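For reference, the structure is listed below as structure tokens.
The values are calculated or read from the model by the stated rules, or taken from the named source; none is laboratory data. Since this is a predicted model, take the numbers as computed values, not measurements. FYI the Cβ positions are ideal-geometry reconstructions off the backbone, even for glycines, and counts take in every protein chain you see.
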Ligand code: HXC
């Protein structure tokens, strides 16, 4: 689908995306690139990264792929430094890396719980923490008056309670809380805007194929306000909006992009 935004809305910006080699992260990387940004994509799987890089390059996007695991502080540091080395600055950090599986609470080991917390919550904080010196106003490659921006990809699972998702719900609740705390502290001190996006069910993603029960497809018309799954494009457009100057007064919010699903109930 054609973007409603001008193609130079992110011109001159450099974005680093964790989980940028596939799924929602990859679509955000693509749209950032198509709107003028240079992009660095981080992921654990070399093959996935290589193929993502060549797809982006074939669209004329300036891109590098950097292997790394957000659970490792040294990987976070190395990837951020490589981004700076390659592109000279960092303007937008997108934390899209996530781990997930369906399991009931009784059968989930504490280590399974911790693994998802480590990827989603601690990983998000680690990336933000390591990127701070480059995102803050006056940081390397940027002027004295403007800071960069952070986008944390969240979910709506924890607004109520979701079956078999105790670990992810807890992890995304922490992510939303990190978004607010950093928006307060780093918005005030460093002119860095920190926001989140909470996608609903998005077609053609690992989240959907791993998690979505068949019946979401079959019964969605009964309870989904817009009667359809979202597209990765919908999340990427929200990301372009929040990361661009169009969102310059938005700080500390998590934008729900789910067609109204989380608040809906079946029709009686
Ligand atoms: C129960 C499980 C499990 C499962 C792993 N564990 N899979 N427990 N059911 N299906 C437990 C293991 O037993 C182990 O605990 C601990 O978790 C760590 O497992 P590892 O396999 O060693 O972890 P690792 O290889 O690091 O893999 C991480 C992962 C994996 C999260 C388990 O699925 C992953 O890397 N996924 C990344 C890609 C992904 O899932 N993306 C989709 C995100 S979708 P013990 O106690 O045995 O040591 C998304 C959408 C959210 O986030 C919103 C939806 C609406």
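Observations on the model:
- Residue match in segment 215-229 (condition: closer than 20 Å to residue 31 by Cα, at pLDDT 90 or above and within 15 Å of the ligand (Cβ to nearest atom)): no
- Scan segment 251-268 for residues that are in contact with a helix residue (DSSP H, G or I) (Cβ under 6 Å, 6 or more places away or on another chain) and in a loop (DSSP other than H, G, I, E, B) and the total you get is 4.
- Of the residues 108, 56, the single one that is closer than 26 Å to residue 165 by Cβ, in contact with a helix residue (DSSP H, G or I) (Cβ under 7 Å, 6 or more places away or on another chain) and either modelled with pLDDT of 95 or more or surrounded by fewer than 18 Cβ atoms within 10 Å (Cβ to Cβ) (or both) is 108.
- Taking (1) surrounded by fewer than 16 Cβ atoms within 10 Å (Cβ to Cβ); (2) touching a strand residue (DSSP E or B) at 6+ places or on another chain (Cβ under 9 Å); (3) touching a residue at least 12 places away in the same chain (Cβ under 8 Å) in turn, residue 204 satisfies each apart from (2).
- Residues of segment 85-103 that are over 22 Å from residue 22 (Cβ atoms) and crowded, with 20+ Cβ neighbours inside 10 Å: 91 alone.
- Identification of helices (runs of 4 or more DSSP H) wholly contained in segment 73-175 with 3 or more residues that are within 16 Å of the ligand (Cβ to nearest atom) and in contact (Cβ under 8 Å) with a residue 40 or more places away in the chain yields 110-116, 123-135.
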